[in-house]
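Visitor: First the structure, which I've put down as structure tokens, then a few questions once you've had a look.
The values are calculated or read from the model by the stated rules, or taken from the named source; none is laboratory data. For clarity, every value in this text was computed on a predicted model and none was experimentally measured. Neighbour counts are summed over all protein chains in view; Cβ atoms, including those assigned to glycine, are modelled from backbone coordinates with ideal geometry.
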Amino acid sequence: MRVHFHGAAGEVTGSLHEIEAAGRRVLLDCGMIQGSPEAEARNRDPFGFEPSRIDALVISHAHIDHIGRVPLLVKRGFRGPIYAQQATADLMPVMLMDAASISEGDAERHNRYRRNNEPEALPLFTREDVQDAMQLVRPLPYDARTAILPGVDIAFREAGHILGSASVEIWSDGRKLVFSGDLGPKGTPILRDPASIDSADLVLMESTYGDRLHRDRAETIRELGDILDTAWRDGGNVLIPAFAVGRSQELLYWFARHWDEWNMARWSIFLDSPMAARVVAIYDRHADLFDEDAQRVWRDKPTPFRLPNLHFTQTREESMAINRIERGAIVIAGSGMANAGRILHHFRHRLGRRQTHVVFVGYQAEGTLGRRLVDGARWARIHGSDVRVNAQRHTVGGLSAHTDQRGLMAWYGAIAGNGVAHPPLALVHGEDRAREALAGEIGDTYGVQATLARPGVTLEV
């Protein structure tokens, strides 16, 4: 077996790894590069391989940085099966249709105002391309070893990151490769903890937060409650950029769990994302994947997805109407990094007001508006206009869907290569500062020199 690294090798987004095994070629993920306009322009570059020569695609989970170029892969010639955990297979068309709609809208707006000498803008892919790609998806359950090609078997294991997220075991030629996917922290609401894997000959592990430890979750939740209380006293609204899959559902979970303690009935809560509303329905269909605490909350509290003051806004007019509410609104909207979507419209109307509270609850990539605001920017450029930032900003880091350095160390530490020693390790899905810190800790603890994957690097299993 050989591994060729093409994406998320020195950065967090754009997950894409190619496996050669038993004379076949298998891709692990095919994600979108996110961040600055310059970074996102790379999504249009040729793949580092011929798509028509790929025999199968294996998806770890449905976040767009892991699936966002799947329609493009198909458009450029890939015709093999796409394997995904069952909940991931349900989430994929929702996520990809939204990405296609955004890309089509961006192209249409550019063409409307382009000068005569400018070339016509084309979307990265269309909704029709998404439909073509979804015809190739083959759902698989957790914990079932499956032959996907002659001489190549895989199994999905719970990764605890979002609904349907998986670590992937791949067997071929008497060797076993393990790809962590994105790993969630133990105790993440709604989701079960990441599964332990007993052996590997090579491990590809994410390293998003390889250089830090998260705050205690209980302290984080108390902080969230305090922010809401302060915002109520200030007489303003709360704006929360949140990913449609994972973070939005977790926020609703905490609102339900602390319904009385936080006096949540006084607020009007808006999930201002048609995509997030569709995702909620998928979560409901896969409640069998919830952990025991979530099962209790669904029984004993106001159901998180059916809070009496929760409003799902579908149309543009319903979204615009929220901006007429002067106080008492909590608005959860995409995108999670504030680089597109409805959150920008709310920012344009509310960032200039001191009584507005903006709460960042997820990773903000370099080059995004979310990252600039977290870093203290006093002005934000939104829809061609400069907006003064007077709003109060809060970064609630303990809600991360990615585990921290301690969690990554523990997950890797549970794997003994062939029962003898810890296996070789390549770190992916992380910026260099995080990867270098994690590699140093792993070297000191387990005596393993981790490889920092780079595009174009090949490793033997």
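Visitor: Can you pull out every residue in the range 324-348 that is assigned to a helix (DSSP H, G or I) and either over 23 Å from PHE255 (Cβ atoms) or of a type in the set (Val, Ile, Thr) (or both)?
Guide: Of everything in the range 324-348, those that are assigned to a helix (DSSP H, G or I) and either over 23 Å from PHE255 (Cβ atoms) or of a type in the set (Val, Ile, Thr) (or both) turn out to be ILE343, LEU344, ARG348.
Visitor: Can you tell me which residues in the range 156-189 are surrounded by fewer than 20 Cβ atoms within 10 Å (Cβ to Cβ) and among the hydrophobic types (A, V, I, L, M, F, W, C)?
Guide: TRP171
Visitor: Within the range 383-398, work out how many residues are buried (at least 18 other Cβ atoms within 10 Å of the Cβ) and more than 16 Å from PHE360 (Cβ to Cβ).
Guide: Final tally of qualifying residues: 1.
Visitor: For residues that are at pLDDT below 95 and either part of a helix (DSSP H, G or I) or not assigned by TED's automatic domain parsing to the domain that holds GLU318 (or both), scanning just the range 259-281, find the one that is nearest to ILE322 (Cα to Cα).
Guide: So the residue we want is PRO274.
Visitor: Would you point out the residue of the range 419-461, among those that are of a type in the set (Val, Ile, Thr) and within 21 Å of SER172 (Cβ to Cβ), that is surrounded by the most Cβ atoms within 10 Å (Cβ to Cβ)?
Guide: Step by step, filter the range 419-461, then rank; the result is VAL428.
Visitor: When the range 4-18 is examined, which residues are found to be part of a strand (DSSP E or B) and among the small types (Gly, Ala, Ser)? Let's see the steps before the verdict.
Guide: The first filter runs over the range 4-18 and keeps only residues part of a strand (DSSP E or B), leaving 4-7, 10, 16-18.
The answer is GLY7, GLY10.
Visitor: Looking at the range 30-58 only, could you name the residues that are closer than 15 Å to GLY80 by Cα and either in contact with a Cys (Cβ under 7 Å, 6 or more places away or on another chain) or without any contact (Cβ under 8 Å) to a residue 40 or more places away in the chain (or both)?
Guide: Correct list: GLU50, PRO51, SER52, ARG53, ILE54, LEU57.
Visitor: What do you reckon, is ASP198 surrounded by fewer than 22 Cβ atoms within 10 Å (Cβ to Cβ), farther than 26 Å from GLU436 by Cβ, modelled with pLDDT under 95 and out of contact with any Pro (no Cβ under 7 Å at 6 or more places or on another chain)? Show your work before the answer.
Guide: Numbers: surrounded by fewer than 22 Cβ atoms within 10 Å (Cβ to Cβ): yes; farther than 26 Å from GLU436 by Cβ: yes; modelled with pLDDT under 95: yes; out of contact with any Pro (no Cβ under 7 Å at 6 or more places or on another chain): yes.
So ASP198 fits the description; yes.
Visitor: Surrounded by fewer than 21 Cβ atoms within 10 Å (Cβ to Cβ) and either over 18 Å from SER273 (Cβ atoms) or not assigned by TED's automatic domain parsing to the domain that holds ALA41 (or both) - does that describe any residue in the range 329-339?
Guide: There is no residue in the range 329-339 that is surrounded by fewer than 21 Cβ atoms within 10 Å (Cβ to Cβ) and either over 18 Å from SER273 (Cβ atoms) or not assigned by TED's automatic domain parsing to the domain that holds ALA41 (or both).
Visitor: Identify all residues within the range 70-108 that are touching a residue at least 40 places away in the same chain (Cβ under 8 Å), touching a helix residue (DSSP H, G or I) at 6+ places or on another chain (Cβ under 6 Å), of a type outside the set (A, V, I, L, M, F, W, C) and under 16 Å from GLY31 (Cα atoms); write none if there are none.
Guide: Result: PRO71, LYS75, PRO93, ASP98.
Visitor: Can you tell me which residue within the range 128-150, out of those that are assigned to a loop (DSSP other than H, G, I, E, B) and within 24 Å of LEU289 (Cβ to Cβ), is nearest to the chain's Cα centre (by Cα)?
Guide: The extreme case among them is PRO141.
Visitor: Among TRP379, TRP411, which is the only one that is under 17 Å from ILE442 (Cβ atoms) and of a type in the set (A, V, I, L, M, F, W, C)? Reasoning before the result, please.
Guide: Working: TRP379 fails: under 17 Å from ILE442 (Cβ atoms).
Result: TRP411 is the single residue among TRP379, TRP411 that is under 17 Å from ILE442 (Cβ atoms) and of a type in the set (A, V, I, L, M, F, W, C).
Visitor: Residue check: is ASP153 in contact with a helix residue (DSSP H, G or I) (Cβ under 9 Å, 6 or more places away or on another chain) and either closer than 30 Å to ALA287 by Cα or not in a helix (DSSP H, G or I) (or both)? Full working, then the answer.
Guide: Working: in contact with a helix residue (DSSP H, G or I) (Cβ under 9 Å, 6 or more places away or on another chain): no; either closer than 30 Å to ALA287 by Cα or not in a helix (DSSP H, G or I) (or both): yes.
It is false that ASP153 is in contact with a helix residue (DSSP H, G or I) (Cβ under 9 Å, 6 or more places away or on another chain) and either closer than 30 Å to ALA287 by Cα or not in a helix (DSSP H, G or I) (or both).
Visitor: Need at least 1 residues that are under 24 Å from the mean Cα position of the chain (by Cα), under 19 Å from ALA338 (Cα atoms) and in the same structural domain as GLY7 (by TED's automatic domain parsing) per element, so show me which helices (runs of 4 or more DSSP H) inside the range 354-451 make the cut, counting only ones lying wholly within it.
Guide: Those helices (runs of 4 or more DSSP H) do not exist here; none qualify.
Visitor: Looking at the range 153-171, which of its residues are on the phi < 0 side of the Ramachandran plot and small (Gly, Ala, Ser)?
Guide: Scanning the range 153-171 gives ALA155, ALA159, SER165, ALA166, SER167.
Visitor: A further question follows. Here is a check on your reading of the model: is GLY31 in the same structural domain as THR126 (by TED's automatic domain parsing), surrounded by fewer than 22 Cβ atoms within 10 Å (Cβ to Cβ), under 22 Å from the mean Cα position of the chain (by Cα) and not in a helix (DSSP H, G or I)?
Guide: Considered against the rule, which asks whether it is in the same structural domain as THR126 (by TED's automatic domain parsing), surrounded by fewer than 22 Cβ atoms within 10 Å (Cβ to Cβ), under 22 Å from the mean Cα position of the chain (by Cα) and not in a helix (DSSP H, G or I), GLY31 comes out as no.
Visitor: I need the full set of residues from the range 169-191 which are under 15 Å from ARG247 (Cα atoms) and under 17 Å from the mean Cα position of the chain (by Cα), in order please.
Guide: ASP182, LEU183, GLY184, PRO185, THR188, PRO189, ILE190, LEU191
Visitor: Still on this structure: Would you mind stating whether SER167 is closer than 27 Å to GLU11 by Cα, at pLDDT 95 or above and either of a type outside the set (A, V, I, L, M, F, W, C) or touching a strand residue (DSSP E or B) at 6+ places or on another chain (Cβ under 8 Å) (or both)?
Guide: So SER167 fits the description; yes.
Visitor: Still on this model: Exactly one of (1) of a type outside the set (Asp, Glu); (2) buried (at least 21 other Cβ atoms within 10 Å of the Cβ); (3) modelled with pLDDT of 95 or more is unmet by ALA401. Its number?
Guide: Tallying (1) of a type outside the set (Asp, Glu); (2) buried (at least 21 other Cβ atoms within 10 Å of the Cβ); (3) modelled with pLDDT of 95 or more, ALA401 fails exactly one: (3).
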